[in-house]
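Readers should treat all values here as calculations from the given coordinates under stated rules, not as data from a laboratory. It should be emphasised that the depicted structure is a prediction, and the values quoted were computed from it without experimental measurement. So basically every Cβ, Gly included, is an ideal-geometry build from the backbone, and we count neighbours across all protein chains shown.
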Amino acid sequence: AEASEFCQLNYGVDFPMFAKVEVNGSGAHPLFGWLRQETSGLLGDAIKWNFTKFLVGRDGRVIERFAPTTAPGRMRGAIEEALGE
């Protein structure tokens with residue numbers, strides 16, 4: 001509840017949020033372990049900060065990973081393309 005309250009107050013978030021989970025290391029939630037594995041590259045696979053975003057297609061494959069600093073509006077084209085598949 002603490003994280004959701006922070007996001008509501010500071011970012012105007014009004015959508016449901018999941019409980020806090022580990023995203024890196026041996027205690028990482030399996031979903032984030034898989035997302036990191038599917039998007040590893042030259043800079044490694046660690047999730048560096050909150051708001052890292054992953055676009056997953058209808059078929060369950062990871063289409064793209066977006067940096068925490070990527071504004072949601074800049075993801076629109078990739079999302080629309082994925083919805084058209």
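Below is a table of values for the structure above.
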item	result
Of [x] 0.97; [y] 0.93; [z] 1.06, the label for Rg/Rh (Cα atoms, Kirkwood Rh) derived from the coordinates	[x]
Residues with amide H under 5 Å from that of Val56, placed H, sequence gap 5 or more	Ile63
Formal net charge of residues neighbouring Glu5 (Cβ-Cβ distance under 14 Å; K, R +1; D, E -1)	-1
Per-residue ³J(HN,Hα) for segment 7-23, Karplus 6.51 cos²θ - 1.76 cosθ + 1.60, θ = phi - 60°, Hz, x for Gly and Pro	5, 5, 5, 9, 10, x, 5, 10, 10, x, 10, 6, 5, 5, 9, 6, 10
Protection-proxy order for peptides 16-23, 47-54, each taking the mean of Cβ atoms within 10 Å per residue, highest first	47-54, 16-23
Most mobile listed residue (Arg65, Arg74, Arg36) in the chain, GNM with C-alpha springs under 10 Å	Arg74
